[in-house]
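The values are calculated or read from the model by the stated rules, or taken from the named source; none is laboratory data. No experiment lies behind these values; they were computed from the predicted model shown. Note that we place each Cβ from the backbone using ideal geometry, even for glycine, and neighbour counts take in every protein chain shown. Ligands, DNA and RNA are excluded from the accessible area calculation, which covers all protein heavy atoms including side chains. Shrake-Rupley method; radii C 1.70, N 1.55, O 1.52, S 1.80 Å.
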Amino acid sequence: RSIAAMLDAMVPAWRETGSAKHVRVKTFGHFDIYVNGRLLYFEREKAKELFALLVDRCGAALTTEQIASVLWESKNYNTSLKNAVTKVVASLRNTLKAEGIEDILIKRWNHLAVDTKKFECDAYEYEKQVPRDRSSFRGEYMTNYSWAEYSIGRYIRMDEEAK
């Protein structure tokens, strides 16, 4: 009997643990993340919002202070807020790690980004399309986050150019 057959008998899902997971990010309309077709739930809403912010920045790194200024826009940056960001980052990392997709995050000293090659995203695909499929963007972008209003203009312009 082969080792693979013995492992199959002991733990039927052992082969799946090393396989890549399919991650799909939906930004048009409400923001959501799907892992292998299943909606990803976050233990903290701010962790989900942080992931949305990183997706919106298309792989550009953000500092702790930049994250705080967006997620808590009305608060002054101080040690307490820095600690809050640290907790949200840890929560995000834990959620992604539990799904086996923690490699999506790129963490450097005081900088955080996403690796845009590790997931599919409707907005990224829309930006690459020429001619654009006008049915994918319907005038809404990450409607659950007020800061996303700054980015929606880019997609509205693209949509108008596609007419």
Among chymotrypsin sites (Phe, Trp or Tyr not before Pro) in region 81-145, those in a DSSP loop whose Cβ has at most 16 other Cβ atoms within 10 Å are W109
For the chain, longest principal axis from Cα atoms; helix 149-161 axis from its Cα atoms; angle between them, nearest 10 degrees, is 90
Computed over the chain: longest principal axis from alpha-carbon atoms vs helix 79-98 long axis, angle to nearest 10 degrees, is 40
Calculated from DSSP helices alone, with each H run of at least 4 adding -39500 (n - 2.57) and the total divided by the residues of the chain, [θ]222 nm to the nearest 500 comes to -12500 deg cm²/dmol
A 1.4 Å probe over the protein heavy atoms gives region 19-63 a carbon and sulfur accessible-area percentage of 51
Under a Gaussian network model of the chain whose springs join Cα atoms within less than 10 Å, the largest fluctuation of K87, K21, K128 belongs to K128
Highest GNM mean-square fluctuation among R138, R57, R24, for the chain with Cα springs under 10 Å, belongs to R138
Among V114, V23, V70, the residue with the largest mean-square fluctuation in a Gaussian network model of the chain built from Cα contacts under 10 Å is V70
Amide H contacts under 5 Å for C121, restricted to residues at least 5 apart in sequence or on another chain and with H modeled in the peptide plane, are V25
Reviewing (i) 10.0; (ii) 12.3; (iii) 13.7, the figure for mean projected area of the Cα convex hull in nm² actually calculated from this model sits under (ii)
Partner lysines whose C-alpha sits under 16 Å from that of K87, ignoring same-chain residues fewer than 8 away, are K46, K48, K97, K107
